[in-house]
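A.B. asks: Take this structure first; my questions come after.
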Amino acid sequence: MTALARAWRGVRWYVRELTGEARWDEYVERCARDDVVPMSRRAWERHRADAKEHDPQARCC
Amino acid sequence: MATTTPVRRPGGPRRRPTPAGVAIWGGIALVGAVCWTVLALSRGEEVSALWILFAALASYAIAYRFYARFIADRVLQVDDSRATPAERLENGQDFDVTDRRVLFGHHFAAIAGAGPLVGPVLAAQMGYLPGTIWIIVGVILAGAVQDMMVLFFSMRRDGKSLGQMVREEIGVVGGTAALIAVFAIMIIILAVLALVVVNALAESPWGVFSIGLTIPIALFMGFYLRYLRPGRVSETTAIGVALLLAAIIVGGWIDDTGLGDTLTLSHETLTICLIVYGFVASVLPVWMLLTPRDYLSTFMKVGVIVLLAVGLVLARPVLQNDDITSFAMDGDGPVFAGKLFPFVFITIACGALSGFHALIASGTTPKMIAKESHVRMIGYGGMLMESFVAISALIAACVIDQGLYFAMNSPAGATGGTASSAAEFVGTLGFTLSPDTLTQAAAAVQEPTLVSRTGGAPTLAVGISQIFSDAFGGGLAAFWYHFSIMFEALFILTAVDAGTRVGRFMLQDTIGNVWHRFGDTSWKPAAWSASAIVVAAWGYMLYVGVTDPLGGINQLFPLFGISNQLLAAIALCLCVTLMLKHGKARWVWVPLVPLVWDLVTTMTASWQKVFSDNPAIGYFAQADRYREARDAGQVLAPAKDGGQMDQIITNSTTNGVLQLTFAILVIVVVANAVLVWIRAIRAGGLPTTEVPAVPSHVVAPADFFATADEKAAVREWEQSRLTGSRR
């Protein structure tokens, strides 16, 4: 059971890291550490999407 | 602040092999040796595809463990005490220290696409052995080496692009030639990939329906992520994948409805659709279409690779073709013309040696690496994984009935387009295939016909459908066929979107040097016109391929393979240059051997495609033959009228000119580089643009699995970081 739970946690961690979802948690944590009020998730994600707009990434054949 | 020493240092004491290690690696070597021996000695018997699979896996494991480590430690001398650009320049956006396993996922998603699925399928006309050997040996000694070295050199230069590095390290002439080559090669690659999609979807209402639906699905995901649930990527992707599977299932009912006829599109209509789509996709904001499509495509990529590996082991299919066919020796194969040397080496580019990867290894990945030693796992390991995809695709093409294989992959001009004429044509090649079998095969996957469905995707889909039906049962052949078409089209459309966008940025950047305003990527008129130019360029080549009476894949695929490997020549040339400039002439053979091999094959292929007097191979000989016939008032098959004669003449001339241009550009880069090599060897090394070393504070394990020591070091480091930040 614990092995299964560990595996599930691992998969969940990997997926959240790969999709970038974990970045939001990191941001909120950082804000808490620095005593800053974080911006809304909507605004934050929009900011990230805008950054992506000007940094195209090739996808290979 | 933490000052823990990093886990690995170059030139440190070499670890002594443990008895367990010796036993494991000895066992893997034995498995590999047995598999290779069986493959080498089996003649005219039933050979299981698993021998290929395990020969590949054992060879990869040994290469990764020994050769890649040798390159990292001795040749490149990766130094984990040195901070990577991600650590020095961390900004939370492009420069970002990333977990090695996560970055492996990102890098693999960026390098792997439809390429390794298509090339091996076409190369199967030469038998299973040439493709197998080239994919495995090629990746170990060339492809993975290139990816890893370019990644390393770019990382040591703050993530500079390939073009930039060639200009700064080789020279302005070489750099300019490389820049033009990169742009032109990208256009060809996009055109050929788009051609694969057109060939897979033409006259297939089910395919058009389910691929068409990916656009609204991606749009829905984009809006969902932006407005309803910002940032919930996994949840959105799960919904998207469910919708995607539903789209494939519903597609099966379309044929019998009124929509069936509406969605039966000709090659020409699909070409126009694709061109319009490409333009719109490249000017829309990325969050709307490109990003969500990328999530879908990445998910499908991983899912399909896992399914394919499991399916192959469960189904244990038997290879249906010869080890080496007569086409390999005589060069008269119907899928593409030319002999084993050099054409098998350029037909299979992705999966063995792909120059395009050098653009990715010098793009985002080097800016995210946490530790220098990770170049081995991400660069070399990522390419091995792509090679595994190529091996699986090769197996899928070799386990289907070979009469069916040639009926599907020979151009319509040869097969005549109907089941009976195709069966007759296949008979002349020495295979027995009844028209009924062909019709039944098409009915089994619910396609109107399988005759001359060139481009590789339909053949792969038939192979995968057969393997999955055997492995998982359930009579779902038609579903699996369309599932395969779907994922391949999905990869390709993602590559087309992203490629058009990258091309647009390159063009804006280049023109921006002369006309400053044009370089502003937010300025709509520049963005739109640059996109239009890029789309027009690949759109024209796509049109050339689609309308070519000689068969677009037959004509354009060699151009695609050669250009991809010419790009690899430029990348390897840069690696050789940097080895010599860094005074490491002793190890220069590591990139030099693949470079020489790559130049020999691509230049021989280019020479034959340009100067061969055999009209089946040489583009200009082909144009001449049809020009003479036209001037004499004749119509030569497969052309049906004077218009098609003109078309062949124009197309073949265009292809020949492009082929010649690519080869000359690469020769310019190589010639420029040789001058630098001579200077570097005489001086025993030259200054480079490598960024000076800065001590690293990040601690991270070096390989996929952390050792106990590494885990302890990471724990200690994290602890000290926490106490450090509290102070």
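The values are calculated or read from the model by the stated rules, or taken from the named source; none is laboratory data. All figures in this text were calculated on a predicted structure; none of them were measured in a lab. Positions of Cβ are generated from backbone atoms using ideal geometry, with glycine treated the same way; all protein chains shown enter the neighbour counts.
A.B. asks: When you check B:Phe472 against the structure, is it of a type in the set (A, V, I, L, M, F, W, C), modelled with pLDDT under 95 and either under 27 Å from the mean Cα position of the chain (by Cα) or closer than 30 Å to B:Ile360 by Cα (or both), yes or no?
C.D. replies: Criteria not met by B:Phe472.
A.B. asks: Scan segment B:342-350 and give yes if some residue there is more than 12 Å from every other protein chain (Cβ to nearest Cβ) and surrounded by fewer than 24 Cβ atoms within 10 Å (Cβ to Cβ), otherwise no.
C.D. replies: Yes - at least one qualifying residue is present in segment B:342-350.
A.B. asks: Could you list, in sequence order, the residues of segment B:351-402 that are among the β-branched types (Val, Ile, Thr), under 29 Å from B:Ala441 (Cβ atoms) and within 13 Å of chain A (Cβ to nearest Cβ)?
C.D. replies: Passing the criteria: only B:Val389.
A.B. asks: Now for a different question. Cβ contacts < 7 Å: first residue over 18 Å from B:Val306 (Cβ atoms), restricted to segment B:53-67; second residue of a type in the set (Gly, Ala, Ser) and part of a helix (DSSP H, G or I), any location; separation 6+ or different chain. Result?
C.D. replies: Pairs found: B:Ala55/B:Gly32; B:Ala58/B:Gly32; B:Ser59/B:Gly32; B:Ile62/B:Ala29; B:Ile62/B:Gly32; B:Tyr64/B:Gly381.
A.B. asks: Suppose we filter segment B:110-136 for residues that are outside any helix (DSSP H, G or I) and surrounded by fewer than 24 Cβ atoms within 10 Å (Cβ to Cβ); how many remain?
C.D. replies: 1
A.B. asks: So A:Tyr27 clears everything in (1) among the hydroxyl-bearing types (Ser, Thr, Tyr); (2) touching a helix residue (DSSP H, G or I) at 6+ places or on another chain (Cβ under 7 Å); (3) surrounded by fewer than 10 Cβ atoms within 10 Å (Cβ to Cβ) except one condition, right? Which one?
C.D. replies: In the conditions (1) among the hydroxyl-bearing types (Ser, Thr, Tyr); (2) touching a helix residue (DSSP H, G or I) at 6+ places or on another chain (Cβ under 7 Å); (3) surrounded by fewer than 10 Cβ atoms within 10 Å (Cβ to Cβ), A:Tyr27 misses (3) alone.
A.B. asks: What are the residues in segment B:462-483 that are in contact with a Ser or Thr (Cβ under 7 Å, 6 or more places away or on another chain) and touching a residue at least 60 places away in the same chain (Cβ under 8 Å), if any?
C.D. replies: B:Ile464, B:His482
A.B. asks: When only residues in segment B:482-523 that are small (Gly, Ala, Ser), within 14 Å of chain A (Cβ to nearest Cβ) and within 21 Å of the chain's Cα centre (by Cα) count, which is farthest from B:Asn199 (Cα to Cα)?
C.D. replies: So the residue we want is B:Gly503.
A.B. asks: Here is a list: B:Val669, B:Val698, B:Val674. Which entry is closer than 18 Å to B:Phe153 by Cβ and either surrounded by 11 or more Cβ atoms within 10 Å (Cβ to Cβ) or at pLDDT 95 or above (or both)?
C.D. replies: Result: B:Val669 is the single residue among B:Val669, B:Val698, B:Val674 that is closer than 18 Å to B:Phe153 by Cβ and either surrounded by 11 or more Cβ atoms within 10 Å (Cβ to Cβ) or at pLDDT 95 or above (or both).
A.B. asks: Output the number of the condition that B:Asp96 fails; it satisfies all remaining conditions of (1) surrounded by fewer than 21 Cβ atoms within 10 Å (Cβ to Cβ); (2) away from chain A (no Cβ under 14 Å); (3) out of contact with any Leu (no Cβ under 8 Å at 6 or more places or on another chain).
C.D. replies: All conditions are met except number (2).
A.B. asks: Turning to a different aspect of this structure: Against the conditions (1) within 14 Å of chain A (Cβ to nearest Cβ); (2) aliphatic (A, V, I, L, M); (3) surrounded by fewer than 24 Cβ atoms within 10 Å (Cβ to Cβ); (4) within 23 Å of B:Pro448 (Cβ to Cβ), where does B:Leu476 fall short? Just the number, please.
C.D. replies: Failed condition: (1).
A.B. asks: If you don't mind, there's one more thing I want to ask. When only residues in segment B:425-440 that are part of a helix (DSSP H, G or I) and not hydrophobic (A, V, I, L, M, F, W, C) count, which is surrounded by the fewest Cβ atoms within 10 Å (Cβ to Cβ)?
C.D. replies: The residue in question is B:Thr428.
A.B. asks: Could you pull out every one of the helices (runs of 4 or more DSSP H) wholly within segment B:453-564 that has 3 or more residues that are acidic (Asp, Glu)?
C.D. replies: B:477-512
A.B. asks: Still on this structure, please answer the following. When only residues in segment B:217-257 that are basic (Lys, Arg) and either over 30 Å from the mean Cα position of the chain (by Cα) or more than 14 Å from every other protein chain (Cβ to nearest Cβ) (or both) count, which is farthest from A:Val15 (Cα to Cα)?
C.D. replies: Result: B:Arg226.
A.B. asks: Can you tell me which of B:Lys339, B:Lys301 is among the charged types (D, E, K, R) and more than 14 Å from every other protein chain (Cβ to nearest Cβ)?
C.D. replies: B:Lys339
A.B. asks: Follow-up question, since we're still on this one. Tell me whether segment B:580-590 contains one or more residues that are in a helix (DSSP H, G or I), farther than 23 Å from B:Ala683 by Cα and out of contact with any Lys or Arg (no Cβ under 8 Å at 6 or more places or on another chain).
C.D. replies: Scanning segment B:580-590, I find no residue that is in a helix (DSSP H, G or I), farther than 23 Å from B:Ala683 by Cα and out of contact with any Lys or Arg (no Cβ under 8 Å at 6 or more places or on another chain), so the answer is no.
A.B. asks: How many residues does segment B:258-283 hold that are among the aliphatic types (A, V, I, L, M) and under 30 Å from B:Ser522 (Cβ atoms)?
C.D. replies: Residues meeting the conditions: 7.
A.B. asks: Turning to a different aspect of this structure: Looking at segment B:547-572, which of its residues are farther than 16 Å from B:Ala184 by Cα and at pLDDT below 95?
C.D. replies: B:Thr547, B:Asp548, B:Pro549, B:Leu550, B:Gly551, B:Gly552, B:Ile553, B:Asn554, B:Gln555
A.B. asks: Counting only residues that are free of Cβ contacts under 8 Å to residues at least 40 places away in the same chain and within 17 Å of B:Asp147 (Cβ to Cβ), which one in segment B:584-599 is surrounded by the most Cβ atoms within 10 Å (Cβ to Cβ)?
C.D. replies: B:Leu595
A.B. asks: Here's another thing I want to ask about it. Can you pull out the residues in segment B:34-80 that are within 19 Å of B:Met149 (Cα to Cα) and hydroxyl-bearing (Ser, Thr, Tyr)?
C.D. replies: B:Tyr60, B:Tyr64, B:Tyr67
A.B. asks: Oh, and also: Of the residues that sit in segment B:502-532 and are surrounded by 15 or more Cβ atoms within 10 Å (Cβ to Cβ) and among the β-branched types (Val, Ile, Thr), which one is farthest from A:Ala58 (Cα to Cα)?
C.D. replies: Restricting to residues being surrounded by 15 or more Cβ atoms within 10 Å (Cβ to Cβ) and among the β-branched types (Val, Ile, Thr), the top hit is B:Ile511.
A.B. asks: Where residues in segment B:78-93 are in a loop (DSSP other than H, G, I, E, B) and away from chain A (no Cβ under 11 Å), which of them is surrounded by the fewest Cβ atoms within 10 Å (Cβ to Cβ)?
C.D. replies: Across segment B:78-93, the extreme among qualifying residues is B:Leu89.
A.B. asks: Could you list, in sequence order, the residues of segment A:26-61 that are within 10 Å of another protein chain (Cβ to nearest Cβ) and either on the phi > 0 side of the Ramachandran plot or within 10 Å of the chain's Cα centre (by Cα) (or both)?
C.D. replies: Of everything in segment A:26-61, those that are within 10 Å of another protein chain (Cβ to nearest Cβ) and either on the phi > 0 side of the Ramachandran plot or within 10 Å of the chain's Cα centre (by Cα) (or both) turn out to be A:Glu26, A:Tyr27, A:Glu45.
A.B. asks: If B:Trp206 meets every condition in (1) surrounded by fewer than 21 Cβ atoms within 10 Å (Cβ to Cβ); (2) in contact (Cβ under 8 Å) with a residue 40 or more places away in the chain apart from one, which number is that one?
C.D. replies: All conditions pass for B:Trp206, except number (1).
A.B. asks: Still on this structure, please answer the following. Inside segment B:635-659, can you point out the residues that are over 33 Å from the mean Cα position of the chain (by Cα), farther than 23 Å from B:Gln608 by Cα and not in a helix (DSSP H, G or I)?
C.D. replies: Listed by number, the residues that qualify are B:Val635, B:Lys640, B:Asp641.
A.B. asks: I would also like to ask the following. Filter segment B:47-77 down to the residues that are of a type in the set (A, V, I, L, M) and over 21 Å from B:Pro594 (Cα atoms), then identify the one that is surrounded by the fewest Cβ atoms within 10 Å (Cβ to Cβ).
C.D. replies: Step by step, filter segment B:47-77, then rank; the result is B:Leu50.
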